[in-house]
Amino acid sequence: MRKEFEFTVKDHNVKIVNTWARGIKLYIDGDCRDQDTSFFANGRTALLSAKLGELGILEVFPKSALISVEIEVFLIKGNEKQRVYSSQKRLNLTEQRLAK
């Protein structure tokens with residue numbers, strides 16, 4: 001099974017592709033920046049990350065269920081951790097504005 005998540009963070013196009021047999025990959029502006037081949041993800045550990053220049057570090061927290069994978073993505077700069085995408089929770093207005 002293949003599942004894709006696409007969104008934008010501060011003018012960077014982010015695409016996360018999960019395939020059952022090949023793991024999960026993180027693309028930033030079309031370039032593959034990180035990948036992981038773990039079969040299980042608990043949502044507490046970032047399995048993918050990429051530096052977005054002065055914006056900070058993008059960290060992806062996948063959570064696998066029996067049939068599908070859901071993700072939460074955070075932008076981390078210094079001590080600040082800001083949610084910029086969630087496949088299962090709606091971002092509040094403040095999070096939506098800061099991600100654009």
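If I compute Rg and Dmax of the Cα atoms in Å from the structure I just sent, which labelled value in (i) 12.8, 37; (ii) 16.4, 59; (iii) 18.3, 57 lines up? Calculated Rg and Dmax of the Cα atoms in Å: the matching label is (i). Annotation: extensible slack from Phe40 through Thr8 equals 8.9 nm (criterion: 0.36 nm per residue apart, minus Cα-Cα distance). Compute a Gaussian network model of the chain, connecting alpha carbons closer than 10 Å, and tell me which residue from Lys77, Lys25, Lys89 fluctuates the most. The residue with the greatest mean-square fluctuation here is Lys89. In summary, the lysines within cross-link reach of Lys63, defined as a Cα separation below 19 angstrom excluding same-chain residues under 8 places away, comprise Lys3, Lys15, Lys25, Lys81, Lys89.
Projecting label points 7 angstrom from Cα along Cα→Cβ for Gln88 and Arg33 puts them 2.4 nm apart.
When a 1.4 Å probe is rolled over the protein heavy atoms, the share of accessible surface on the chain that falls to carbon and sulfur comes to 48 percent.
The values are calculated or read from the model by the stated rules, or taken from the named source; none is laboratory data. If you're wondering where the values come from, they're calculated on a predicted model, not measured in any experiment. Because the Cβ atoms are built from the backbone with ideal geometry, glycine has one as well, and the counts that use them run over all protein chains shown. Side chains are part of the model used for accessible areas, which takes the heavy atoms of the whole protein and leaves out ligands, DNA and RNA. Shrake-Rupley method; radii C 1.70, N 1.55, O 1.52, S 1.80 Å.
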